[in-house]
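I have placed the structure first, in the form of structure tokens, so that the comments after it can refer back to it.
The values are calculated or read from the model by the stated rules, or taken from the named source; none is laboratory data. Remember, predicted model here, so these are calculated numbers, not experimental data. Cβ sites come from the backbone with ideal geometry, for glycine too, and all protein chains shown count toward neighbours.
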Amino acid sequence: MSILLMFFTALATASGAARQGESAALRQTAPTYLTTDAMAAQHLAASTLAGELISVDPTLLLAIAWRESRYTLGVTGPPVRGKRACGLMQPMMHSETCREQTVLEGYLEGASHLRTWLDTKTCRGDLRCALLGYAGGYALINGCAAGPVVVERNGKRADFCKFIPESITAHAKRIQFQLQRGAAS
């Protein structure tokens with residue numbers, strides 16, 4: 001691990017420790033997955049640092065991490081055309097074996113990927129477009145532009161064009177609400 005990354009990890013951990021009320025509040029949003037306040041503090045600090053460095057809302061990063069991996073390191077998605085999404089935020093498909101990463105590395109990679117989509121000429125800062133790009137690239141963006149992209153999940157039909165951006169932004173709002181309550185206590 002590089003010295004710079006170790007420095008940022010230490011900084012993020014210290015920052016997270018100073019926000020115990022918020023860490024406990026974040027844990028309340030996903031107690032099955034964030035099983036300790038220390039684990040929640042680590043995710044809160046890493047998402048905050050990544051969000052600040054890359055100019056992305058940290059609560060949005062937390063919501064994406066919850067959606068993609070339930071805050072779990074080392075997650076590997078199902079194969080799609082010979083590739084798999086890897087890691088905490090599963091930002092990109094890889095044909096090779098997934099490498100291990102730290103919580104901070106996961107948030108930095110996810111934040112960078114989201115920022116890339118926000119800055120594309122296609123999305124031009126539009127969050128819905130960027131979330132669709134994050135989830136399925138130009139194929140999903142173009143599919144949604146042509147009409148609904150309906151898939152069946154758990155016996156229910158869902159339009160990915162609405163479900164993906166709406167579920168992530170709604171979860172980000174729940175996280176933000178809980179964090180505000182935690183900071184006030």
Item to check | Inter-residue pairs, beta-carbon under 7 Å, first within 19 Å of residue 22 (Cα to Cα) and in the stretch 159-185, second assigned to a helix (DSSP H, G or I) and of a type in the set (Lys, Arg), 6+ apart | outcome: 171/67
Item to check | Selection from the stretch 65-85 of residues that are charged (D, E, K, R) and either within 17 Å of residue 21 (Cα to Cα) or part of a helix (DSSP H, G or I) (or both) | outcome: 67, 68
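Conditions (1) among the hydroxyl-bearing types (Ser, Thr, Tyr); (2) in contact with a strand residue (DSSP E or B) (Cβ under 9 Å, 6 or more places away or on another chain); (3) closer than 19 Å to residue 164 by Cα, marked per residue:
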residue: 30; (1), (2), (3): no, no, yes
residue: 42; (1), (2), (3): no, no, no
residue: 48; (1), (2), (3): yes, no, no
residue: 91; (1), (2), (3): no, yes, yes
Checklist entry - Given the residues 50, 40, which is the only one that is surrounded by 24 or more Cβ atoms within 10 Å (Cβ to Cβ) and within 21 Å of residue 185 (Cβ to Cβ)? => result 40
Next on the checklist: With the structure loaded, tell me whether residue 45 is at pLDDT 95 or above and buried (at least 16 other Cβ atoms within 10 Å of the Cβ) or whether it fails that test.
Outcome noted: yes
Next on the checklist: Can you list residue pairs whose Cβ atoms sit under 9 Å apart, with the first residue in the stretch 94-122 being modelled with pLDDT under 90 and crowded, with 16+ Cβ neighbours inside 10 Å and the second being in a helix (DSSP H, G or I) and of a type outside the set (Gly, Ala, Ser)? Count only pairs 6 or more apart in sequence or on different chains.
Outcome noted: none
Next on the checklist: When you check residue 88 against the structure, is it in a helix (DSSP H, G or I) and out of contact with any Lys or Arg (no Cβ under 8 Å at 6 or more places or on another chain), yes or no?
Outcome noted: no
Item to check | Those residues of the stretch 137-176 which are within 14 Å of the chain's Cα centre (by Cα), of a type outside the set (A, V, I, L, M) and crowded, with 19+ Cβ neighbours inside 10 Å, in sequence order | outcome: 165, 171
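Residues are listed down the side, and each one gets a yes or a no for (1) closer than 25 Å to residue 55 by Cβ; (2) of a type in the set (A, V, I, L, M):
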| site | (1), (2) |
| --- | --- |
| 113 | yes, no |
| 120 | yes, no |
| 124 | yes, no |
| 128 | yes, no |
| 133 | yes, no |
| 137 | yes, no |
| 145 | no, yes |
| 148 | no, no |
| 151 | no, yes |
Item to check | Of the criteria (1) among the β-branched types (Val, Ile, Thr); (2) at pLDDT below 95; (3) more than 24 Å from residue 34 (Cα to Cα), which one residue 76 fails | outcome: (3)
Checklist entry - Which of the residues that make up the stretch 37-64 are polar (S, T, N, Q) and either in a loop (DSSP other than H, G, I, E, B) or touching a residue at least 40 places away in the same chain (Cβ under 8 Å) (or both)? => result 42, 47, 55, 59
Next on the checklist: Scan the stretch 1-9 and tell me whether some residue there is touching a helix residue (DSSP H, G or I) at 6+ places or on another chain (Cβ under 9 Å), surrounded by fewer than 18 Cβ atoms within 10 Å (Cβ to Cβ) and either modelled with pLDDT under 95 or under 27 Å from residue 118 (Cα atoms) (or both).
Outcome noted: yes
